[in-house]
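Notes follow the structure.
Readers should treat all values here as calculations from the given coordinates under stated rules, not as data from a laboratory. Predicted model, so just to flag it, every value in this text is computed and none were measured. Ideal geometry is used to build each Cβ from the backbone, glycine not excepted, and the neighbour counts take in all protein chains shown.
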Amino acid sequence: MQANMQYDLVVVGSGIIGLASAYAAYRAGLKVAVVERHARCVGASVRNFGFVTVTGQRRGEHWARALRTRNVWEEVAPQAGIQVVHQGLYVLAQRPEAMAVIDAFLQTEMGEGCRLMSMAEARKDFPALQDGLGVLYSPHERRVESRDAIPQLSRWLEHSLGVDFFWNTAVHGIAAPKVHTSRGTLHAERCIVCPGHELSVLYPEAIAAAGIRMCTLQMLRVQPASAVTLPGSVMSDLSLVRYEGYADLPESAPLRQVLEREQAEWLEQGIHLIAVQSTDGTLVVGDSHVYGNSEAPFASERTDVLILQEMQRVLKLQDATVSERWTGTYASAAGVVYKAQVAPGVVLGIVTGGTGASTSFAFAEELLAMAMASA
Ligand SMILES: Cc1cc2nc3c(=O)[nH]c(=O)nc-3n(C[C@H](O)[C@H](O)[C@H](O)COP(=O)(O)OP(=O)(O)OC[C@H]3O[C@@H](n4cnc5c(N)ncnc54)[C@H](O)[C@@H]3O)c2cc1C
């Protein structure tokens, strides 16, 4: 790093929130640098499903963030060479109480563009679905392969849009216009700090005061024994009591009661089903949720078994094998996002609802507006 390099804005963190912030700043005509303590992004943003979800997001502002973000992904993906791997969402309802939630959801403004499919209709597109009572179909979702898409996005920002990246460089203090890093000092009047679940380095008091902790998830890559095609992302009854766009509806209470009787162990581990497909035919399947003040260091085999059982309940997949297992951790709090001006010219932004792939670009626009108003 050359001494005293000058920028209009420095972004801390190269996860999706940092990259989206750099993109928003580029669009505003700013000279931008991104500082990342690792040699590449290895955080939640490359460990997720790459599932850009609109349907099921918390009603109101967050749902609107997801719609806006989906639209920006559509604009950015072709320019950055990112493939949208599949589109749309199928929520298989296997209990009458789940059908009641879907009926209620479709009556709301969030149901726009979505519809209830009969099993016969759903099976035309999707023969691998197990039996159920009906399917909520949403056309809004997109899926990218995050482990490829995030590096592609950072390369595009760097090589096509002129954003500077400082890898293997930790930011350990900011007193705007000075940004103190492990490799020297950068200068910028404004900073957007996007630390993900790194809660103890920059502004730990603000983070603690906001009640932010960590949530660790288990994920699997599954190799079907014979070829199966998922026309879109898949969810199950358990998702209808987890995703707030459904779970906050009064109709979800009876479904939760049934699930507490029939799938208590899944609920205890915070398990619900998301299954998506990669271009090589494998499925990415998850997930579980364990909350605490640190990452959960050990993955539970029992949790993986429960996730796979839920997958089999929803998808006809005989003799599928697991080819990869991993965990991921995100920052979690009661609010779905946290944003605050934490010092003159410095804005801290954390998605705390586990939805950063789905809400990043809109959230980043909010962070930039706050940063521009702050200095
Ligand atoms: C397993 C899993 C599955 C998920 N699935 C989905 C999904 O399908 N759809 C969805 O919308 N969301 C999903 N999420 C949530 C989503 O991945 C996160 O909300 C999002 O990735 C958070 O992005 P981020 O940029 O805040 O954090 P991260 O991706 O963790 O990036 C933060 C970066 O900041 C860097 N950093 C921190 N402090 C410093 C510092 N002081 N100096 C320099 N660098 C620093 C870190 O090294 C890191 O690279 C999932 C999360 C997990 C874990």
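Take the Cα of Ser160, step 7 Å toward its Cβ, do the same at Val258, and the gap between the two points is 4.6 nm. FRET efficiency for the Arg302 to Asp280 pair, using the beta carbon distance and R₀ = 45 Å, is estimated at 0.95. Of all DSSP beta bridges confined to the chain, the antiparallel ones make up roughly 70%. Straight Cα distances below 29 angstrom link Lys124 to the lysines Lys316, with same-chain residues fewer than 8 positions distant left out. With neighbour counts taken as other beta-carbon atoms within 10 Å, the residues His62, His159 rank, fewest first, as His159, His62.
Electrostatic bookkeeping for Asp287 treats Lys and Arg as +1 and Asp and Glu as -1; over the other residues with beta carbon under 11 Å from its beta carbon, the sum is 0.
Of all lysines in the structure, the ones whose alpha carbon falls short of 29 Å from that of Lys339, not counting any fewer than 8 places away in one chain, are Lys31, Lys178. In terms of other Cβ atoms within 10 Å, Arg70, Arg59, Arg40 run from fewest to most in the order Arg40, Arg59, Arg70.
One chain, two ends: Glu205 and Ala227. Fully extended at 0.36 nm per residue, the span grows by 2.8 nm beyond their Cα-Cα distance.
Between Ala369 and Arg183, what's the calculated FRET efficiency when r is the beta-carbon distance and R0 is 22 Å? Round to 0.05. Given R0 = 22 Å and the Cβ-Cβ separation, E is 0.15.
Classify the range 261-307: rounded, prolate or oblate, from the alpha-carbon gyration tensor (a ≥ b ≥ c, eigenvalue square roots; a/c under 1.5 rounded; otherwise prolate if a/b is larger than b/c)?
Taking the square roots of the gyration eigenvalues as a ≥ b ≥ c, the range 261-307 is oblate.
Working note: 222 nm ellipticity from helices only, DSSP H runs with n ≥ 4, each -39,500 (n - 2.57), summed and divided by the residues of the chain, gives -10000 deg cm²/dmol to the nearest 500. A cut-off under 10 angstrom between Cβ atoms defines the neighbours of Glu365, and their net charge, with Lys, Arg +1 and Asp, Glu -1, is +2.
Computed from the C-beta positions of His38 and Glu61, the FRET efficiency with R₀ = 25 Å rounds to 0.20. In this structure, the amide hydrogen of Val337, modeled 1.01 Å from its nitrogen in the peptide plane, lies closer than 5 angstrom to those of Thr352, counting only residues at least 5 positions away or on a different chain.
Shown for His289, His172: other C-beta atoms within 10 Å of each C-beta, ranked fewest to most, produce the order His172, His289.
Shape call for the range 19-73 from the C-alpha gyration tensor, a ≥ b ≥ c root eigenvalues: rounded (a/c under 1.5), prolate (a/b greater than b/c) or oblate?
oblate
Under a 5 Å amide H cut-off, with hydrogens placed 1.01 Å from N, Phe166 pairs with Val34, Val35, Glu36 among residues at least 5 apart or on other chains.
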